[in-house]
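Working notes for the structure below.
The values are calculated or read from the model by the stated rules, or taken from the named source; none is laboratory data. Computed from a prediction, not measured in an experiment: that's the story for all the values here. Note: ideal-geometry Cβ built from the backbone for every residue, glycine included; neighbour counts use all protein chains shown. Heavy atoms of the whole protein, side chains included, go into the accessibility calculation; ligands, DNA and RNA do not. Shrake-Rupley method; radii C 1.70, N 1.55, O 1.52, S 1.80 Å.
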Amino acid sequence: MSADDLTNEFQHMVVALYVGYRALLQGETPVACTFVSNTTGKVIAVGSNDTNGSLNGTRHAEFVAIEQVMNEKIPFSKRDDLQYIKDVFNDITVYVTVEPCIMCALALRQLGINRVVFGCANERFGGNGTVLLVNKDDIGPDREYLSYGGILRTEAVQLLRNFYIQENESAPEPQIKRNKDLERKAYPINLAYDKYLLRHQFIEYYGESRIRFWNQPVDAEITPVEGKQYSVTQLIQGKSGNIIRQKLYGDDKKKSEVECKQFALMFYGIDEMGKVNFESRIITLEEPDPKRRKKH
């Protein structure tokens, strides 16, 4: 991957976004992550918020994925070998739809995670630069990691908006008001990237062509390839669709294709200037068929 082509990063993030969508269907805040091996490029763990279902405020997406890695990649005989654990996590890039909170950012650092890529900023609790720079503060330079943001940023915001317009939280299945306050609603201005990265770090990851984003907030989105439009529908096809089928559905290809299509239709496209294309049609989750409701 060249610095100017972020397609691979967007494809990994769209998987995290889809995991968040599935959490939304369960009434959870739609924040989710994928843990990807830097060696193989494969998704080795996924996590989404489980605070409502578990009644445990610490069950953030990153902690759910960390637990999965510990259970599947760390032999029981190595559970006390801190260097072995750090070596495993040092091979991982975390793709998370919302910037890790301070708690999660610190946990990832203590585990020796390699890097973090996030979608939208966490304005209240962001631990990777928005509120605190936990990933690069002075608690120990040997454990710091770089963090990059703005990948599928508006889509992450849009997914959160779907959660906040839900109604009847006690209903057996989520009900969402169609398009309420979503159509043509302005998005927060893009990140001030110099809060998160030095100039050379920004260029190394995002490419020289996007340098205008670095030192001032820009009312546009970073696209996978500079000057080319994109949509979630495009990103979810091919490689990302295969990842979802393998990790979340096994061999149930038909179900994955149906749900992926429904998911993709929830988002506006982004045009070649990085602007939200409000001319593209979106849907929000339909109210469930009364005949399919679970019995009380």
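Below is a table of values for the structure above.
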item: Test: residue in the range 59-67 that is over 16 Å from the mean Cα position of the chain (by Cα), more than 30 Å from Asn8 (Cα to Cα) and open to solvent by 30 Å² or more (accessible area, probe 1.4 Å); result: no
item: Subset tally (residues that are assigned to a loop (DSSP other than H, G, I, E, B) and either without any contact (Cβ under 8 Å) to a residue 40 or more places away in the chain or not polar (S, T, N, Q) (or both)) for the range 27-43; result: 7
item: All helices (runs of 4 or more DSSP H) inside the range 54-115 with 1 or more residues being in contact with a Ser or Thr (Cβ under 8 Å, 6 or more places away or on another chain); result: 61-73, 102-110
item: Residue that is farthest from Ala186 (Cα to Cα), among those in the range 260-274 that are without any contact (Cβ under 8 Å) to a residue 60 or more places away in the chain and buried (at least 16 other Cβ atoms within 10 Å of the Cβ); result: Ala264
item: Condition check for Ser170: modelled with pLDDT under 70, hydroxyl-bearing (Ser, Thr, Tyr) and out of contact with any Lys or Arg (no Cβ under 6 Å at 6 or more places or on another chain); result: yes
item: Test set (1) at pLDDT 95 or above; (2) at positive phi; (3) surrounded by fewer than 17 Cβ atoms within 10 Å (Cβ to Cβ) - Leu152 fails condition number; result: (3)
item: Which numbered condition Asn114 misses (of (1) free of Cβ contacts under 8 Å to residues at least 40 places away in the same chain; (2) open to solvent by 50 Å² or more (accessible area, probe 1.4 Å); (3) in contact with a strand residue (DSSP E or B) (Cβ under 9 Å, 6 or more places away or on another chain)); result: (1)
